[in-house]
Amino acid sequence: MTDLVHLACPKCLAANRVPAARVGEDPKCGKCGAALLDGAPAELGEEQFEQFVARTEMPVLVDFWAPWCGPCRAMAPHFERAAKSLKARVRLVKVNTEDAPGLAARYGIRAIPTLVLFKNGTEAKRMSGALDAGALERWAA
């Protein structure tokens with residue numbers, strides 16, 4: 001039997017089963033056709049976040065940020081580079097705390113940027129502060 005990895009679509013939130021051996025082959029959503037692992041951080045709001053994290057078996061690294069935050073803006077290109085490098089191993093997500101204050105409150109975000117790594121839908125670790133791409137990749141591993 002083939003090992004399957006469950007991945008949520010960042011566009012329609014459909015749960016997709018992808019053979020583990022094919023995760024690196026740019027899988028597409030069976031419902032809407034969107035790329036499941038396009039190498040770019042998915043931007044999620046309050047409505048999508050919980051379902052996305054719960055339906056994604058791959059670790060999910062979340063950057064809680066705000067547009068007015070200088071360190072957040074400085075880290076953004078590094079987060080994008082890390083998303084490309086980690087695309088077959090960790091799903092990177094950005095949550096704008098200005099647009100999703102309920103999520104920020106629920107997860108106790110007191111400083112930004114704050115990175116939270118979810119494994120199997122549960123918070124595994126967190127840290128506050130900006131990191132470069134290499135440090136992000138090492139921290140997420």
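The values are calculated or read from the model by the stated rules, or taken from the named source; none is laboratory data. Bear in mind the structure is a predicted one, so any value in this text is a computation, not a measurement. Virtual Cβ from ideal backbone geometry, glycine too; neighbours counted across all protein chains shown. What goes into the accessible areas is simple: the full protein's heavy atoms, side chains included, and nothing from ligands, DNA or RNA. Shrake-Rupley method; radii C 1.70, N 1.55, O 1.52, S 1.80 Å.
Before moving on, here are some points about what is shown:
- Members of region 1-31 found to be β-branched (Val, Ile, Thr), under 18 Å from Pro59 (Cα atoms) and open to solvent by 20 Å² or more (accessible area, probe 1.4 Å), listed by number: Val5
- Here Gly108 meets each of (1) open to solvent by less than 40 Å² (accessible area, probe 1.4 Å); (2) in contact with a strand residue (DSSP E or B) (Cβ under 8 Å, 6 or more places away or on another chain); (3) among the small types (Gly, Ala, Ser) with one exception, condition (2).
- Within region 86-107, being closer than 18 Å to Glu46 by Cβ and among the aliphatic types (A, V, I, L, M) holds for Val93, Val95, Ala100, Leu103, Ala104, Ala105.
- Residue among Ala133, Ala88, Ala82 that alone is out of contact with any helix residue (DSSP H, G or I) (no Cβ under 7 Å at 6 or more places or on another chain) and closer than 30 Å to Leu4 by Cα: Ala88
- Filtered residues of region 65-89 (kept if of a type in the set (A, V, I, L, M, F, W, C), open to solvent by 10 Å² or more (accessible area, probe 1.4 Å) and within 23 Å of Lys28 (Cβ to Cβ)): Ala88
- Region 32-64: number of residues that are touching a residue at least 40 places away in the same chain (Cβ under 8 Å) and open to solvent by 50 Å² or more (accessible area, probe 1.4 Å): 7
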